[in-house]
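What follows is a set of notes on a single structure, which appears directly below.
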Amino acid sequence: METNLLINGESVAGSGKPIAVENPFTEQTLETVGSASPEQLDAAFDAAREASKAWAAMPAWERGELLHEVAARLRKSTDELAEILTAEGGKPLIENRDEIGWVAAAFDYYAEIGRDSAGRVIPPIEASQLAMVVKEPLGVVGCIVPWNYPLLLLAWKLAPALAAGNSIVAKPSEMTPLSTLALAPILEVLPKGVVNLVCGDGEVGAALASDERVDCVAFTGSVETGKAVAHACIDRVARINLEMGGKDPFIVCADVAGGIEVAARGGAWAAFLNAGQVCTSAERFYVAEELYDDYLQAFADHAKTLKLGDPRASDTDLGPMASAVQREKVTAQVEAAVASGAELVCGGGRGGHETGHFFEPAVVTGAAADTALLSEETFGPVAPIVPVKNLDEAIDLANSTRFGLGANIYTQDLKTIFRCMREIKAGTVWFNDPLTDNDAGPFGGFKQSGLGRELGREGLEAFQETKHIHIESELERKEWWYPYSEYSASE
Ligand code: NAD
């Protein structure tokens, strides 16, 4: 597997701290990757700055053609990239093949959106004038990405930032750098220095966030790291786009009595997809008390049928979690809830696997609202299910955390849909179809879940500076200039 960094179009071995990349299924080291040394980071920032000039000046349709070519090459490399994603992250191959499809789609989408508009014409102050709002690239965009969707979350930054005419220095998570480094031959179609790929842990991330040559940092990761990135950027008034944690609610309304099985299966998928390691995983279930017993039964019955195993096998529903640390965090949260009175209805074990960071999908009842399991991000395959008296209580509980990334509601009632879409504080509200992303639909969080949006037109504008242009065609003295003795404002 590729372990070299990509700096100024050259493939170079990282000469900083070595990072051992683990396969979470075998618990063996897959590869050892050298982090970028301070000198290599310097070279990457300089290369990106230099390359940004010609890239910004290239006509948008030409950049678009190159981005379409990147998309085509990604699709051709689906098998290879999906296998690397599975080896380093433990996500089932079937999900990783989907991930590559979504990555390619993001490149195609922004190839077109980027050449569709460069701003707008606004009404001028006088008839002899032309006034415009022009969108320009920011310069160099630093991308810092987590381990759960390494290529998708990179693409949501890379594709729009490139389409807008920016150059890039990107850093994958130290846990999953291999799929990102494998992009080098695909990115070869772009001029050298336009995309630079560096590796490293938080130290390299912090260097990227604080360097004056980086005009904008696009970050996805935890709230705590995101705040550190924000501080580093605000000190130098660099632009930021932050996608952070979530604690998404999943509401099942009383009117879906006839669709309990569907709502249970949808809920299980939303809670357990990628072993619950999705920023928009459903992590709190609020179920109308009339349906609670039947819903819990259907949910737990379904959870027990899910197959844990080798993430390369086509019949595996859940692979291992990404790391032992992540598994321990989830275990600790469930144990703390149980210690304070909750009941583990099913799951929570290793599913008979001695090797690999497996965590059987768990269903928990009776957890108190103030336990971490119901108020802080879990990021694991655990579904706490809570009965609610009515929609008022469900909405209040849904809005009760510091997060506001996504929310799911199962209902067929129009008035309930209207109330939830207006009152739930979340960046995406899904009704009856959990977790479906749309390249054209902005993605991001309310409250501490984020700042700014990815995807959609907003996702392009995140990487653009706005300039107001005012053109007067006449060479004439304005009547409101000095001397004021000749000007009466009230006239
Ligand atoms: P993390 O915050 O630990 O790390 C994210 C990235 O930041 C990594 O590349 C890491 O090396 C880097 N980093 C660490 N310290 C840094 C520092 N001081 N300065 C700059 N960069 C630094 O997150 P993680 O554990 O990799 O990912 C899981 C988290 O990501 C979860 O909280 C999850 O909710 C969040 N996430 C959010 C979204 C979203 O779109 N909102 C999507 C996926 C994951």
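Positive end of the dipole of the chain, charges at C-beta (+1 Lys, Arg; -1 Asp, Glu), about the Cα centre: which of Ala332, Gly89, Ser52 has its Cα farthest in that direction?
Ser52
For the stretch 118-222, compute Rg over Rh where Rg is the Cα radius of gyration and Rh is the Kirkwood radius from the inverse mean 1/r over Cα pairs.
Across the stretch 118-222, the Cα-based Rg/Rh ratio is 1.13.
Give the peptides 428-440, 149-161 in descending order of average Cβ contacts within 10 Å, highest first.
149-161, 428-440
Relative contact order for the chain: what is it in percent, counting Cα pairs under 8 Å that are at least 6 residues apart?
In percent, rounded to a whole number, it is 17.
For a quick check: with amide H placed at 1.01 Å from N, whose amide H comes under 5 Å from Leu405's, ignoring anything fewer than 5 positions away on the same chain?
Lys247, Gly427, Phe446
In whole percent, what relative contact order does the stretch 248-431 give with Cα contacts below 8 Å and a gap of six or more residues?
Values: 359 pairs, mean separation 52.1, N = 184.
That works out to 28 percent.
Choose one of His468, Val262, Val204: the residue whose Cα lies farthest towards the positive end of the charge dipole of the chain (beta-carbon charges +1 Lys, Arg; -1 Asp, Glu; about the Cα centre).
His468
Which percentage, to the nearest 5, of the DSSP beta bridges contained in the chain is antiparallel?
Numbers: 30 of 68 bridges.
Counting DSSP beta bridges with both partners in the chain, the antiparallel share is about 45 percent.
Hey, could you pull the Cα Rg and Dmax for the stretch 248-431, both in Å?
When restricted to Cα atoms, the stretch 248-431 yields Rg and Dmax of 15.6, 50 Å.
Could you tell me how far the Cα centroid of the stretch 439-485 sits from the Cα centroid of the stretch 361-383, in Å?
Rounded to whole Å, the Cα centres lie 42 Å apart.
Roughly how many Å is it from the Cα centre of the stretch 96-162 to that of the stretch 167-188, as a whole number?
19
Between Trp481 and His231, what is 0.36 nm times their sequence separation minus the Cα-Cα distance? Round to one decimal in nm.
85.7 nm
List every DSSP H helix in the chain whose Cα atoms extend 15 Å or more along the helix's own long axis and whose mean Kyte-Doolittle hydropathy is at least 1.0.
Span-like helices, by this rule, are 150-163.
Taking 29 Å as the cut-off for C-alpha to C-alpha distance, list the pairs among Lys425/Lys467; Lys304/Lys389; Lys247/Lys304 that go past it.
Lys425/Lys467
List the lysines whose alpha-carbon lies under 28 Å from that of Lys17, not counting same-chain residues fewer than 8 positions away?
Straight-distance partners of Lys17: Lys91, Lys157, Lys171, Lys192, Lys227, Lys329.
In whole percent, what relative contact order does the stretch 389-491 give with Cα contacts below 8 Å and a gap of six or more residues?
With pairs under 8 Å counted, the relative contact order is 21 percent.
Size of the dipole of the chain about the Cα centre, Lys and Arg at +1 and Asp and Glu at -1 on the beta carbon, nothing else charged, in debye to 20?
My answer is approximately 300 debye.
Evaluate the charge dipole of the stretch 161-233 about its Cα centre and quote only its size in Debye, nearest 20, assuming +1 on the Cβ of each Lys and Arg and -1 on the Cβ of each Asp and Glu.
Around 180 debye, computed over the stretch 161-233.
Before rounding to the nearest 500, sum -39500 (n - 2.57) across all DSSP H runs of length at least 4 in the chain and divide by the residue total; then give [θ] at 222 nm in deg cm²/dmol.
That comes out to -11500 deg cm²/dmol.
Suppose every K and R has +1 on its Cβ and every D and E has -1 on its Cβ; what is the size of the dipole of the stretch 248-431 about the Cα centre, in Debye to the nearest 20?
Rounded to the nearest 20 debye, it is 480 debye.
Could you give the Stokes-Einstein D for the chain in µm² per second, using the C-alpha Kirkwood radius, 37 °C, 0.692 mPa s?
137
By its C-alpha gyration tensor, with a ≥ b ≥ c as the square roots of the eigenvalues, how is the stretch 1-69 shaped: rounded for a/c under 1.5, else prolate for a/b larger than b/c, else oblate?
oblate
With the radius of gyration and the Kirkwood radius both derived from the Cα set of the stretch 28-114, what is their ratio Rg to Rh?
Using Cα coordinates only, the ratio equals 1.08.
Any read-out appearing in this document is the output of simple, stated calculations on the displayed coordinates, not a laboratory observation. In this text the structure is predicted, and so the values were computed from the model without any measurement. Here the Cβ is made from the backbone with ideal geometry for all residues, glycine too, and neighbour counts use every protein chain on show.
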